[in-house]
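The values are calculated or read from the model by the stated rules, or taken from the named source; none is laboratory data. Remember, predicted model here, so these are calculated numbers, not experimental data. Cβ sites come from the backbone with ideal geometry, for glycine too, and all protein chains shown count toward neighbours.
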Amino acid sequence: MNYDLDALLDHVDANLDDSLERLKTVLRIPSVSTDPAFADDVRRCAEHMGTVLRELGMDSTVHTTEGHPMVVAHDPGPGTDDAPTILYYGHYDVQPADPYDLWDSDPFDPQVVEHPDGARIVARGADDDKGQLMTFIEAFRAWKNVHGSLPIRVIVLLEGEEESGSASLDPFLEAHRDQLQADSCVICDTGMWNRTTPAVTTMLRGIVGVEAILHGPGHDLHSGMYGGAVLNPINALARIVGELHDDQGRVQVEGFYDDVDDPPELETWNGLGFDEAGFLASAGCDTSVGEADRSVLERTWSRPTCDANGIYGGYQGAGGKTVIAAHAGVKLTCRLVPDQDASKVRNGLIKFFEDRTPPGGRWEFLGEGAFPAIRVPTDSPWLQAALDGLETAWGATPVLMGCGGSIPVVGSFQSILGLDSLLVGFGLDDDRVHSPNEKYDLSSFHNGIKSHVAILGRFADVTS
């Protein structure tokens, strides 16, 4: 296809301030999907995104689900029969902003803040995922304004439950399978190698969660009258959780490592020059933990983990209360790598706790959700098109990298739609995703738009 890439990129540069204002408008909507108090705001954000896509000339629909709405838009592209179709996915919902007192500004009043590394926009959802999805939406806008149409057929799917479990996603994909058929899929919920080097993520860890509750006495007891004579579930649970890892950082769940192998990309990854100190500093740490014989990069990209995410029991208020709690609980998640079986890991976790049941105790286990780890093909022409577009926008050779996080929609697209995904995002390790003062570098936003502009052109040259 003939197109003027320079004119497109110049248009992005000239209209960046307008693009940023449109991003701010989306960020001001507190679309917190996990808290029912924000349900109206989640719906409002879905309607807003539907309007944005409609104003770009797309056939846009906001679909009601059992949970939060799904936004779907279709664009015919150049109107030619041989144009490929690409599905673009993002999520418009965000994590809760709590604790509010740790934010430097209102989390839903986006602020552009100057920084030695460059200006950034600070708000809940700035990176995850509103800033990311607006990069491809603004790229669509640039193509429409400069050339009058997109160079390919496009489907947009924006989800409103990614941060709260995606309960409606698979049923929606099943019900709308025919309307979502495409040649490939672009997902924007990932990151770059560093501030100046773009990346495509080719491996994601999976996840399985368990909440283990240890019940002891029939009700809370006075610790003076009963202490030392009855089971204290908090004491026992803390000891058992402490046994999940040995002194070398290995998980002690039976069979946990049975299906774990080093990935073929490991040698390439180890040659990337990963800055361990910088990575740790972005988390406010100066020391790493984990499997003693593995690098930080291996631990976060290609090794399974088991982490306590929350532990509770007894009195949590101000001051003291001398009580032996009737129960105590821990919420655990394991990050999985390819070939690990989620159900096997979950059953192993349950057995781990049951084998350590203290006298007078009984267990209750909650949590059924599990998603396998994902690999995406590295020999796809769509991947090469994405790499070419990234290099054009950034002037740097992109990296193929792994990711420690989990994006369940990638597996859903594979199993339900038969689509492999291109994981092209522009987040950074220090973006404080899910934390107070979440931010997105303006360079990520600006060059992200330019990347998608160039990638759209490269997609048009691929014959499926």
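Of note:
- Residues of the range 182-191 that are in a loop (DSSP other than H, G, I, E, B) and either among the polar types (S, T, N, Q) or farther than 24 Å from Ala460 by Cα (or both): Thr190 alone.
- Residue in the range 379-392 that is surrounded by fewer than 24 Cβ atoms within 10 Å (Cβ to Cβ), closer than 25 Å to Arg335 by Cα and of a type outside the set (Gly, Ala, Ser) present: no
- Matching residues in the range 226-250 - criterion: being of a type in the set (D, E, K, R) and not in a loop (DSSP other than H, G, I, E, B): Arg239
- Among the candidates Val186, Val253, Val260, the residue that is over 27 Å from Ile324 (Cα atoms), in contact with a Ser or Thr (Cβ under 8 Å, 6 or more places away or on another chain) and among the hydrophobic types (A, V, I, L, M, F, W, C) is uniquely Val186.
- Some residue of the range 366-376 being within 19 Å of Pro198 (Cβ to Cβ), touching an Asp or Glu at 6+ places or on another chain (Cβ under 6 Å) and either buried (at least 19 other Cβ atoms within 10 Å of the Cβ) or not assigned by TED's automatic domain parsing to the domain that holds Ile155 (or both): yes
- Just one of the listed residues (Ser451, Ser444) is touching a Phe, Trp or Tyr at 6+ places or on another chain (Cβ under 6 Å), within 18 Å of Phe136 (Cβ to Cβ) and not β-branched (Val, Ile, Thr), namely Ser444.
- Taken across the range 39-57, residues that are of a type in the set (Lys, Arg), more than 21 Å from Asp170 (Cβ to Cβ), out of contact with any strand residue (DSSP E or B) (no Cβ under 9 Å at 6 or more places or on another chain) and touching a residue at least 40 places away in the same chain (Cβ under 8 Å) do not occur at all.
- Scanning the range 110-133 for residues that are in contact with a Pro (Cβ under 8 Å, 6 or more places away or on another chain), in a loop (DSSP other than H, G, I, E, B) and more than 8 Å from Tyr440 (Cβ to Cβ) turns up Ala123, Arg124.
- Output for the range 297-310, where each listed residue is in contact with a helix residue (DSSP H, G or I) (Cβ under 7 Å, 6 or more places away or on another chain) and farther than 18 Å from Leu204 by Cβ: Ala308
- Matching residues in the range 420-452 - criterion: being under 17 Å from the mean Cα position of the chain (by Cα) and of a type in the set (Val, Ile, Thr): Val424, Val433
- All of Pro76, Pro99 fail the test of being more than 22 Å from the chain's Cα centre (by Cα), assigned by TED's automatic domain parsing to the domain that holds His176 and not acidic (Asp, Glu), apart from Pro76.
- Hits in the range 312-345 - residues which are in a helix (DSSP H, G or I) and surrounded by 21 or more Cβ atoms within 10 Å (Cβ to Cβ): Val345
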